[in-house]
Amino acid sequence: QVQLVESGGGLVQAGGSLRLSCAASGLIFSSAVMGWFRQAPGKEREFVAAIRWSVERTYYADSVKGRFTISRDNAKNTVYLQMNSLKPEDTGVYYCAAKIGSGLSADSRSYNSWGQGTQVTVSS
């Protein structure tokens, strides 16, 4: 059974930074892709970033490119999302997700497992 547990959310001022973590278990890591999505109140869930576990390749939404960095620590089975230069529009619940298969994807429907989410609030 796949388990994903996010942590690291919180309240930060615009221009600040946060690092989210997602601890994963139950995955066949060699064939997995990990993604971060977010959902603001009243809006649909949107893609933020994804990383292939086996051979590190990354993919970002245009809205976060150059500000956010996704990475993974194989030894800790953990994926990170480093968020810099945060803006109020980055506010939302951030979800970690996992999919089987090595193709990077921004489509939430292709992800099989989801964490419970962690709140990020950026004040202006």
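The values are calculated or read from the model by the stated rules, or taken from the named source; none is laboratory data. These numbers were taken from a predicted model, which means no experiment stands behind them. Quick reminder, even Gly has a Cβ in these numbers, built from the backbone with ideal geometry, and neighbours come from all protein chains shown. Only protein heavy atoms, including side chains, enter the accessible area calculation; ligands, DNA and RNA are left aside. Shrake-Rupley method; radii C 1.70, N 1.55, O 1.52, S 1.80 Å.
Summary table below
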{"read-out": "Two-site FRET efficiency, Phe29 against Thr121, from Cβ-Cβ distance with R₀ of 35 Å, rounded to 0.05", "value": "0.65"}
{"read-out": "Rounded accessible area per residue of the stretch 37-112, 1.4 Å, Å²", "value": "51"}
{"read-out": "Whichever lysines have a C-alpha closer than 30 Å to that of Lys43, once near sequence neighbours (fewer than 8 apart) are set aside", "value": "Lys65, Lys87, Lys99"}
{"read-out": "Compactness of the stretch 2-96 as Cα Rg over 2.2 N^0.38 Å, two decimals", "value": "1.05"}
{"read-out": "Share of carbon and sulfur in the accessible heavy-atom surface of the stretch 1-65 [1.4 Å probe, %]", "value": "47"}
{"read-out": "Under 14 Å, Cβ to Cβ, from Gln39 - net charge with Lys/Arg +1 and Asp/Glu -1", "value": "-2"}
